[in-house]
Amino acid sequence: MKIFLDTADVDEIAVVARWGVLDGVTTNPTLFSKVGGPYDDVLRRICELTPGPVSAEVVAADADGMVDEGRHFAGLAPNIVVKIPMSEPGLEAMSRLRSDGIKTNCTLIFSANQGLLAAKAGASLLSPFVGRLDDINQDGMIVIRELVDIVTIHELETEVLAASIRNPLHMTQAALAGAHVATLPFKVLQQMVHHPLTDKGIKQFREDWDKARKALEQRPSENTETKEAVAAAPTQPGS
Ligand code: E4P
């Protein structure tokens with residue numbers, strides 16, 4: 001399963017790239033509004049930092065405008081995927097960009113039928129929004145499960161990207177549902193790394209190591225040879 005970061009913040013992207021778990025990035029106009037800066041420059045920088053696809057979202061309302069924006073984005077870097085909202089002009093734009101050999105990510109999907117249409121129009125990524133459905137008291141994960149089944153049963157050449165992921169449980173459920181990709185805010189990725197017992201265990205091991213080292217140093221009966229060995233020993237395990 002691929003993990004994308006849902007952000008336009010290059011610092012966050014650089015951190016997750018260093019962790020070795022970054023497969024791609026998704027952005028949207030709201031995320032860009034939070035970081036500011038020249039749009040194309042920020043996108044180019046994100047593409048340099050990211051080993052896989054980077055979704056850049058169009059804002060035009062008509063198919064011609066979406067295609068123009070999509071072609072422009074695609075010219076910025078080889079790993080750009082053009083993100084297009086589910087809509088009638090959006091379907092036309094995805095279909096035209098497919099003819100140009102430009103990859104698209106259909107966004108703002110809230111039903112399996114919308115996803116099916118986007119796949120037919122040639123979107124290489126389908127982005128159902130889990131959290132926004134949960135927000136209106138509907139189970140967003142149902143759309144992920146249905147769409148994964150449809151893509152699998154009909155062997156469609158596309159991938160389901162679980163979007164609007166708000167917490168680690170969403171991530172686990174999306175993985176179990178067979179989503180090919182999930183895109184996560186940096187905060188959720190950090191939440192996945194940590195567990196109170198892991199953090200407690202790391203602290204405890206460090207404290208016990210320091211205690212044992214100090215006890216050895218302070219033993220009066222210790223011969224000089226042992227004391228010298230302790231002094232030369234690493235200050236932490238493995239160093
Ligand atoms: C990603 O492609 C979407 O734009 C994003 O996941 C939406 O998340 P939100 O519903 O938390 O804004």
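The values are calculated or read from the model by the stated rules, or taken from the named source; none is laboratory data. Because the structure is predicted, anything quoted here is derived from the model rather than measured. Please note: Cβ atoms are built from the backbone with ideal geometry, for glycine as well, and neighbour counts cover all protein chains shown. For the accessible areas, the whole protein counts, side chains as well, though only heavy atoms, and no ligand, DNA or RNA atoms are used. Shrake-Rupley method; radii C 1.70, N 1.55, O 1.52, S 1.80 Å.
Key figures for this structure:
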| quantity | calculated |
| --- | --- |
| Per-peptide average of other Cβ atoms within 10 Å, ordering 205-212, 158-165 highest first | 158-165, 205-212 |
| Diffusion coefficient, µm² s⁻¹, Stokes-Einstein with Kirkwood Rh over alpha-carbon pairs of segment 115-183 at 25 °C and 0.890 mPa s | 209 |
| D149 paired with T30, simple spin-label distance in nm, labels 7 Å along Cα-to-beta-carbon | 2.9 |
| The chain - mean residue ellipticity at 222 nm from DSSP helices (-39,500 (n - 2.57) per run, n ≥ 4, rounded to 500) | -16500 deg cm²/dmol |
| FRET efficiency, 1/(1 + (r/R0)^6) with R0 45 Å, evaluated for D210 and S87 via beta carbons | 0.15 |
| For the chain, projected area of the alpha-carbon convex hull averaged over all directions, nm² | 17.1 |
| Shape of segment 163-211, Cα gyration tensor, a/c cut at 1.5 | prolate |
| Local electrostatic count at G24 - Lys and Arg +1, Asp and Glu -1, tallied over other residues with Cβ under 13 Å | 0 |
| Lys/Arg +1, Asp/Glu -1 at C-beta; segment 70-204 dipole; positive extreme among I142, L125, S111 | L125 |
| Sites K187 and E217 - FRET efficiency at Förster radius 45 Å, r taken between beta-carbons, to 0.05 | 0.60 |
| Extension gain, H180 back to N137 (0.36 nm per residue minus Cα-Cα distance, nm) | 13.0 nm |
| The chain, accessible surface, carbon-and-sulfur percent (1.4 angstrom probe) | 54 |
| Pairwise FRET efficiency - A14 versus H72, Cβ, R0 = 22 Å, nearest 0.05 | 0.30 |
| Å² of accessible area per residue within the chain, as computed with a 1.4 Å probe and no ligands counted | 53 |
| For segment 45-96: rounded, prolate or oblate by the Cα gyration tensor [a/c cutoff 1.5] | prolate |
| Extension gain (nm, one decimal) between H194 and D100, 0.36 nm per residue minus Cα-Cα | 29.5 nm |
| Prolate/oblate/rounded label for segment 19-147 (Cα gyration tensor, a/c 1.5) | oblate |
